[in-house]
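Chemist: Questions regarding the structure given below will be posed in turn.
The values are calculated or read from the model by the stated rules, or taken from the named source; none is laboratory data. Note that the coordinates shown come from a computational prediction; the quantities given were computed from them, not determined experimentally. As a convention, Cβ positions derive from the backbone with ideal geometry for all residues, glycine included, and neighbour counts pool all protein chains shown.
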Amino acid sequence: MRAHNFTLIFILLFLIIFTVSIVKLTNWNIERMYWRSYENTFYLLSLIVDNYLQEKKELEDIEIGNAKKKSIEVAKNPQGLNESFFSETLQGIWIFKKDLIKGITHYSGIENEIIRFYEGNLKGKNAHTMIIVENKPFCLINSTVGSLDVLLLSDAKGISGTRLNQLLDFLVSSSDLVYFCILDENQVPILYSSLYENFLPLKGEGFHIVKTPVGSIFQIEEKKFNKNFVAGFTTSSLEKIKSGNILFLILVIVIFIMLEAVLFYNFVKFERFKVKKEKEVNLFKEIGALSTGFAHEFRNPLHTISLLAHDLNGENRNILTEEIERMRSVMNSLKLLGVTEIDKKEVEISSLVGESISLLKKTITKNDVTFKKNIDENLTVYGNRTLFVTAFSNLIKNSIEAHAKNVTITGLKKGNKLTIDFIDNGRGIDANIIDKIFEPFFSKKGHSGLGLYLVKKIIEVHGGALEVQSNKNTIFKIILKIR
């Protein structure tokens, strides 16, 4: 049993280690799959954006050229700035010399936001970028003319490719992509879309994990076409899958432990049952061999004693005759214990009970015992008549010896099973010995102790079971399978 315990612990540890390894391997593969999908998304976006930049270059050059001419014109006469400078696409003009000198725009509601973007990214540079403000695309152009900065706001809806900004915003708001940006050689953002305002951690080229208060971000940064492409992807969905795998690990381990506990319990139960049955089989074989030998050795001496008893008179003859009958009964019981194969046929239960009662008629009359039968006349069982009569008569005799005055025998068919109950109102069986009454040679009455053991063996030979209950009444229940 101790070796089995070590085996059980070893198997459990192996299952836990195996499950942990599987979960770790699965998580690693899932991470690789996610990283690969992020890379594919990044390269696809980079390709789209690069094509977009090439397609819009000519139109943009025209737009930017016109804007620069307008900037020179405005710089010559800053005080003369008015709405006459506006065109179909030009919607805002600001003049700076360190600070704002003058500005005018049709989009006054976003003016402060545009000025902040200029101060943070375009100030002092000949540069331009495309931005999305209030879901509208604009081209923001800054030109340095002498000591002045002239900032122009152009409606970008007429420039080819502005729908890309809308696509980026859609991807950022509806997928794992949280920000995407293109920087020129001067680190000026050409395109920028993000769920997090003013959040663009630049870690250098390569792959990076960026820790943020709202979770980890997988960032890719690469240089292409003299520009830096930067993309950040949330790992929240990946973390959910990994957490699910961990929960799965815990569940599998719990199930393994429960299964191991059940298997261990059943193994221990089976081992005890097996040991008990092996002892019973060995004991039965020994008893069978001894009983056959005893019956053979005592048959002739007992016959001689029986003949001598006829020469006696009076009470001594009666006593000797009763003892001889008792010895013959014990010998018959011993002989039956050696039986391993029996002849069987269909027999009526009621007839078996009647014959068993008749065998004990003298004893029943002497002890004034009343019998009641509740058995259908047509109720039959497949078995050996002699053995069944022996078993039934032993149960009846047991009730009489328990000083029972009323014995009820019932037979009932339930499905493919037949139950025969022997119920008496005798003195009952003590709870501390009820588990021992079927053991061979166990008796509290000074008898052989083979009666109930023989009954149990006869019923088991017929593929049945014998149960006992002892409360107000004592009930011996025989359960047999119907053929």
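Chemist: Could you look through region 387-423, keep only residues that are under 23 Å from D343 (Cα atoms) and surrounded by fewer than 17 Cβ atoms within 10 Å (Cβ to Cβ), and pick out the one that is modelled with the lowest pLDDT?
Modeler: N416
Chemist: Of all residues in region 238-262, how many are out of contact with any helix residue (DSSP H, G or I) (no Cβ under 8 Å at 6 or more places or on another chain) and not basic (K, R)?
Modeler: Of the residues in region 238-262, the ones out of contact with any helix residue (DSSP H, G or I) (no Cβ under 8 Å at 6 or more places or on another chain) are 239-240, 243-244, 247, 250-251, 254-255, 258-259, 261-262.
In the following step, the residues that additionally are not basic (K, R) were identified as 239, 243-244, 247, 250-251, 254-255, 258-259, 261-262.
The qualifying residues number 12.
Chemist: If you don't mind, another one. Within region 417-438, identify whether any single residue is among the aliphatic types (A, V, I, L, M) and in contact with a Phe, Trp or Tyr (Cβ under 6 Å, 6 or more places away or on another chain), and answer yes or no.
Modeler: Narrowing region 417-438 to residues among the aliphatic types (A, V, I, L, M): 418, 420, 423, 429, 431, 433-434, 437.
From the residues that got through so far, the ones that are in contact with a Phe, Trp or Tyr (Cβ under 6 Å, 6 or more places away or on another chain) too are none.
Scanning region 417-438, I find no residue that is among the aliphatic types (A, V, I, L, M) and in contact with a Phe, Trp or Tyr (Cβ under 6 Å, 6 or more places away or on another chain), so the answer is no.
Chemist: Among I255, I217, I250, which is of a type in the set (V, I, T), over 30 Å from K436 (Cβ atoms), surrounded by 14 or more Cβ atoms within 10 Å (Cβ to Cβ) and at pLDDT 65 or above? So that I can check it myself, show each step before the final result.
Modeler: Working: I255 fails: surrounded by 14 or more Cβ atoms within 10 Å (Cβ to Cβ); I250 fails: surrounded by 14 or more Cβ atoms within 10 Å (Cβ to Cβ).
Result: I217 is the single residue among I255, I217, I250 that is of a type in the set (V, I, T), over 30 Å from K436 (Cβ atoms), surrounded by 14 or more Cβ atoms within 10 Å (Cβ to Cβ) and at pLDDT 65 or above.
Residues checked against (1) among the basic types (K, R); (2) at pLDDT below 70; (3) more than 20 Å from I220 (Cα to Cα):
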| site | (1), (2), (3) |
| --- | --- |
| I16 | no, no, yes |
| Y38 | no, no, no |
| I62 | no, yes, yes |
| G80 | no, no, yes |
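Chemist: Which one of these does K444 not meet: (1) over 47 Å from the mean Cα position of the chain (by Cα); (2) at pLDDT 85 or above; (3) basic (K, R)?
Modeler: Unmet condition: (2).
Chemist: Next up: If you check K223 against the conditions, is it among the basic types (K, R), at pLDDT 75 or above and assigned by TED's automatic domain parsing to the domain that holds N142? If you could, list the steps in order and put the result at the bottom.
Modeler: Numbers: among the basic types (K, R): yes; at pLDDT 75 or above: yes; assigned by TED's automatic domain parsing to the domain that holds N142: yes.
So K223 fits the description; yes.
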